[in-house]
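Student: Pasting a structure below so you can have a look.
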Amino acid sequence: ARSDIFPFVMNVHQQTTATGVGGVGTNKGGVMVSLEVFSTRFQFLNSHLAAHQSKVKERNRDYSSICRDIVADRHRMELKSSAHHFFWMGDLNYRIDWGEQTGDKQPSQQDFQDLLGQVQLGNSDILAGMEQL
């Protein structure tokens, strides 16, 4: 932190959880850091979820495990509701599943532009039929 802000950084807390093979493999999981600056609580969570198109259930399970196992502070507050500002980032591995994506069956750039245009117009229901986002 900048030297003028550092004295106001308080209640720094960090925690990790593994969601890899057998729940102990450290190749997947989450790392969380929370802190207060000027009485405003910030939480930063970085995660790496299961990869590959067919692993949606595993990604969802990883997400649930991280939410269950990482607590926001020593009072065991729920992760997603204990900060003024919460940032979740990382390699989440969610993808749009657009059928076979090889050879000349790949979606075109225009297909993606059309999809993006629909979502930006508020027609996000178009995503509901997809298996992955």
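Student: Taking a label point 7 Å from the Cα of LEU92 along the Cα→Cβ vector, which residues of segment 30-65 have an amide N closer than 13 Å to it?
Tutor: Once the point is set 7 Å along Cα→Cβ of LEU92, 45-50, 59-60, 63-64 turn out to lie under 13 Å by backbone N, inside segment 30-65.
Student: What are the ³J(HN,Hα) values, in whole Hz, obtained from phi via the Karplus relation 6.51 cos²θ - 1.76 cosθ + 1.60 with θ = phi - 60°, for each residue of segment 50-64 in sequence order, with x given for Gly and Pro?
Tutor: Per-residue couplings from phi come out as 3, 9, 5, 3, 7, 9, 4, 4, 5, 4, 5, 5, 4, 4, 4 Hz.
Student: Each residue of segment 13-19 in order: what ³J(HN,Hα) in whole Hz does its phi give by Karplus 6.51 cos²θ - 1.76 cosθ + 1.60, θ = phi - 60°, with x for Gly and Pro?
Tutor: Here the 3J(HN,Hα) series is 9, 9, 7, 10, 8, 9, 10 Hz.
Student: Here is a follow-up. Can you tell me the order of 50-62, 108-120, 28-40, 81-93 when each peptide is scored by its average per-residue count of other Cβ atoms within 10 angstrom, highest first?
Tutor: Output ranking for 50-62, 108-120, 28-40, 81-93: 28-40, 50-62, 81-93, 108-120.
No lab work stands behind these numbers, since they all come straight from the coordinates. This structure is a prediction, so every number in the text was calculated from the model and none was measured. All Cβ positions, even for glycine, are placed from backbone atoms using ideal geometry, and neighbour counts span all protein chains on display.
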